[in-house]
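**Q** Pasting a structure below so you can have a look.
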Amino acid sequence: MAADFGANPQALTQEYAKELDTQDPLRHIRDEFLIPTRGNLKRKSIANDTESSTPSDSTPSTYLCGNSLGLQPKRTRTYLDSYLSTWSQFGVHGHFKEMQDAKTLPWVNIDEQTSEGMCKIVGALKGEVAVMQSLTANLHFSMASFYRPSKERWKIIIEGKAFPSDHYAVYSHLSHHNLDPADSLILIEPSDAETHYFGTQHILDTIAEHAETTALLLLPGVHYYTGQYLDIATITSFAQSKGITVGWDLAHAAGNIPLHLHDWNVDFAAWCSYKYLNAGAGAIAGLFVHEKHGRVTKNEKSGVLEYTPRLSGWWGNDKDARFRMERDFVPMVGAAGWQLSNPSVLDCTSLCASLAVFGMTDMGTIRAKSVKLTGYLEFLLHNWHMGEADGAYSILTPSNPEERGAQISVRLKEGLLETVMEVSEEEGVVVDERRPDVVRVAPAPLYNSFGDVWRFVSVFERALKVAIAKKKKKKKGSSSGGGTMVDGPSKEKGWGDVT
Ligand SMILES: Cc1ncc(COP(=O)(O)O)c(C=O)c1O
């Protein structure tokens, strides 16, 4: 349940944020991560260059960008060193060699370790997850299996503001089947155009409208733009009751929100591991295939193997027969049977390091902190005394904690974004922008503190004030016909440091 911060008269103070941090049951996990220092963020080279990195810059930055790229766990380097040592010492034997001090299973089995760890995070049964490829690639592989248009059912429903890659993937499948998007692609537009909010009933109504002709529904678990968390269970069950196959893009949901993909009877899902899963930029991704679709059976009469059709590769073949080099494809049972290539062990090792950090807690505890942390961010954004910056922004993300994860999307008044981002960067606050006017702020519960959230809002207030002043100056300059040059934020005076 959401905490009632408003009941405490001290709730806007930094002391209160610090007090919340002392009560945080996950505070020790922050220490598992490497938080870029403010000095490092200003460096011009990776190697230590003392010129641009002063000792006072060694304070951790306020990193609220785990929705884009999660931070590096400290143990990632140890795991990767171990991988590199194995490779350098044993070469090809690394595939099979069991070492006493190894951080992972031998490479030939490393995908089992990653898949098992992922199952816990997304609520899958053992065998329902494969760690493979990348998110968009996995959407393609899923659609190759689960989008089987017929004369009666051929449409795909997605949402109108879907991440572009999902649009492109869906378009390409329609085109692959010689279908015209004009009468094959149904876009669910937000029920509230202003906030981009998708009401569940609105989604269900659109599904119902096209129910008889739709083959596939593909939606995001958590929306990348607003952070809205859709009701996966209700939507999946409703669409399936109409005979529609249901897939989810969980890029912003995996590692953010407790998922129950098996119990929700989701047909398939795909996600990346570089956001809340902290496995590193572009790291290997996840694919969920429900148990019911992963079965491999032998037809008693014909002796022919029966299984869901797929794009196949040798890594999806029966493991015992993998090195026999036989021609017939005998898929492994479960999601593993969708694998194609031997996975990048570098990626898998990095993911194993991150999964070990997740193993220090559980998704329920992570979620409980997340609800409180994001709620605190929302509380501060609503109640902070912004002075002349009052009314300069609004919140797009739903206010109901049940309808969001670890992200608040803030929409700024026109013409403020660029300066707000410049000032934030200057102050060592890392958030991300969606042009023309949205700032996404993501307090990741594994490593962010209440102090981070407090500091963000404090810097945000000042960034807004600089942006407003700059805008006014510009307006004045243009109305007097002067074309005045305006100073950048780094030249503004009176910027006390806020920790
Ligand atoms: C919601 C969503 N879908 C798809 C993608 C594409 O991911 P990838 O580049 O890993 O395929 C992203 C990337 O951020 C995303 O946020």
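**Q** Counting pairs of alpha carbon atoms under 8 Å apart in space and at least six apart in sequence, what relative contact order in percent does the stretch 90-354 give? Don't jump to the answer; show the numbers that get you there.
**A** Numbers: 493 pairs, mean separation 59.4, N = 265.
In percent, rounded to a whole number, it is 22.
**Q** Determine the distance separating the Cα centre of the stretch 114-162 from the Cα centre of the stretch 310-355; give it in Å without decimals.
**A** 16 Å
**Q** Okay, moving on. Want the number for Glu402 to Gln240: 0.36 nm per residue separation, take away the alpha-carbon distance, what's left? Before the final figure, lay out each step's value.
**A** Details: separation 162, 0.36 × 162 = 58.32 nm, distance 2.29 nm.
Once the chain is fully extended between Glu402 and Gln240, it gains 56.0 nm.
**Q** Starting from the Cα of Glu98, step 7 Å along the direction of its Cβ; do the same at Asn342; then give the gap between the two resulting points in nm.
**A** For the pair Glu98/Asn342, the computed spacing is 2.0 nm.
**Q** Which ³J(HN,Hα) values, rounded to whole Hz and listed in residue order, are derived for the stretch 236-252 from phi using the Karplus coefficients 6.51, -1.76 and 1.60 in 6.51 cos²θ - 1.76 cosθ + 1.60 with θ = phi - 60°, glycine and proline given as x?
**A** Each residue's phi maps through the Karplus curve to give 4, 5, 5, 5, 5, 5, 9, x, 9, 7, 10, x, 10, 8, 10, 3, 9 Hz.
**Q** For a quick check: with amide H placed at 1.01 Å from N, whose amide H comes under 5 Å from Gln72's, ignoring anything fewer than 5 positions away on the same chain?
**A** It is Leu34, by chain and number.
**Q** Evaluate the charge dipole of the chain about its Cα centre and quote only its size in Debye, nearest 20, assuming +1 on the Cβ of each Lys and Arg and -1 on the Cβ of each Asp and Glu. Before the final figure, lay out each step's value.
**A** Values: 51 positive and 60 negative charges, 167 e Å.
Result for the chain is approximately 800 debye, rounded to the nearest 20.
**Q** Could you name the lysines whose alpha carbon sits less than 25 Å from that of Lys474, not counting residues in the same chain fewer than 8 places away?
**A** Leaving aside lysines fewer than 8 places away in the same chain, those within reach of Lys474 are Lys413, Lys465, Lys491, Lys493.
**Q** Got a number for carbon plus sulfur as a percent of the chain's accessible area, 1.4 Å probe? Don't jump to the answer; show the numbers that get you there.
**A** Numbers: 11750 of 22780 Å².
Ligands and nucleic acids excluded, carbon and sulfur give 52 percent.
**Q** Before anything else, pin down the relative contact order of the chain: Cα pairs under 8 Å, at least 6 apart, normalised by residue count, whole percent. Could you put the intermediate results ahead of the total?
**A** On the way: 898 pairs, mean separation 99.6, N = 499.
In percent, rounded to a whole number, it is 20.
**Q** Loop-only check: which GluC sites (Glu not before Pro) in the stretch 17-119 are DSSP coil with at most 11 other Cβ within 10 angstrom? Provide the component values of the computation, followed by the final result.
**A** Details: sites: Glu19, Glu32, Glu51, Glu98, Glu112, Glu116; in loops: Glu32, Glu51, Glu98.
Sites meeting the loop and neighbour criteria: Glu51, Glu98.
**Q** Work out from phi, with θ = phi - 60° and the Karplus expression 6.51 cos²θ - 1.76 cosθ + 1.60, the ³J(HN,Hα) of each residue of the stretch 203-216, listed in order in whole Hz, and give x for Gly and Pro.
**A** 5, 5, 4, 5, 4, 4, 4, 10, 4, 6, 10, 9, 9, 9
**Q** Is the shape of the stretch 179-311 best called rounded, prolate or oblate, per the rule: a/c under 1.5 gives rounded, else a/b larger than b/c gives prolate, else oblate, with a ≥ b ≥ c the square roots of the Cα gyration tensor eigenvalues? Mind dumping the intermediate values first?
**A** Working: a/c = 2.05, a/b = 1.25, b/c = 1.64.
It is oblate, given that a/c is not under 1.5 and a/b is not larger than b/c.
**Q** Using amide H atoms built 1.01 Å from N in the peptide plane, name the residues 5+ places from Val429, or on other chains, whose amide H lies under 5 Å from its own.
**A** So Val429 has HN proximity to Thr62.
**Q** Given the protein chains as shown and a 1.4 Å probe, how many square angstrom of Val92 are accessible, to the nearest 10?
**A** Near enough 100 Å² of accessible area.
**Q** While we're on this one: Note down the magnitude of the dipole of the stretch 90-354 about its Cα centre, charges +1 on Lys and Arg C-beta and -1 on Asp and Glu C-beta and zero elsewhere, to the nearest 20 debye. Before the final figure, lay out the partial values.
**A** Working: 20 positive and 29 negative charges, 154 e Å.
Roughly 740 debye, rounded to the nearest 20.
**Q** Assuming R0 = 30 Å, what is the FRET efficiency of Ser175 and Arg435, from their Cβ-Cβ distance, to the nearest 0.05? Let's see the in-between values first.
**A** Values: r = 29 Å, r/R0 = 0.96.
The formula returns an efficiency of 0.55 here.
**Q** Moving on to the next point. Can you return the lysines within cross-link range of Lys126? Criterion is Cα-Cα under 20 Å, with same-chain partners fewer than 8 residues away left out.
**A** Lys292, Lys319
**Q** Take the alpha carbon gyration tensor of the stretch 90-354, find the square roots of its eigenvalues, order them as a ≥ b ≥ c, and report rounded if a/c is under 1.5; if not, report prolate when a/b exceeds b/c, else oblate.
**A** Numbers: a/c = 2.16, a/b = 1.42, b/c = 1.52.
Here the stretch 90-354 falls in the oblate category.
**Q** List the residues, sorted by chain then number, that are 5 or more residues from Thr361 or on another chain and whose placed amide H is less than 5 Å from its amide H.
**A** The list, which skips near neighbours in sequence, is empty: none.
**Q** Counting helices only, and only those DSSP H runs with n ≥ 4, report the 222 nm mean residue ellipticity of the chain as the sum of -39,500 (n - 2.57) divided by its residues, in deg cm²/dmol to the nearest 500.
**A** -10500 deg cm²/dmol
**Q** How large is the accessible surface per residue of the stretch 90-354, computed with a 1.4 Å probe and reported in Å² as a whole number? Could you put the intermediate results ahead of the total?
**A** Numbers: 11250 Å² over 265 residues.
For the stretch 90-354, the solvent-accessible area averages 42 Å² per residue.
**Q** Grab the Cα-Cα distance for Asp31 and Phe323, subtract it from 0.36 nm times how many residues apart they are, and report the gain in nm with one decimal.
**A** Separation in residues times 0.36 nm, less the Cα-Cα distance, equals 100.8 nm.
The values are calculated or read from the model by the stated rules, or taken from the named source; none is laboratory data. No experiment lies behind these values; they were computed from the predicted model shown. For neighbour counting, all protein chains shown are included, and Cβ atoms are generated from backbone atoms with ideal geometry for every residue, glycine included. These accessible areas exclude ligands, DNA and RNA; they are computed on the full protein's heavy atoms, side chains included. Shrake-Rupley method; radii C 1.70, N 1.55, O 1.52, S 1.80 Å.
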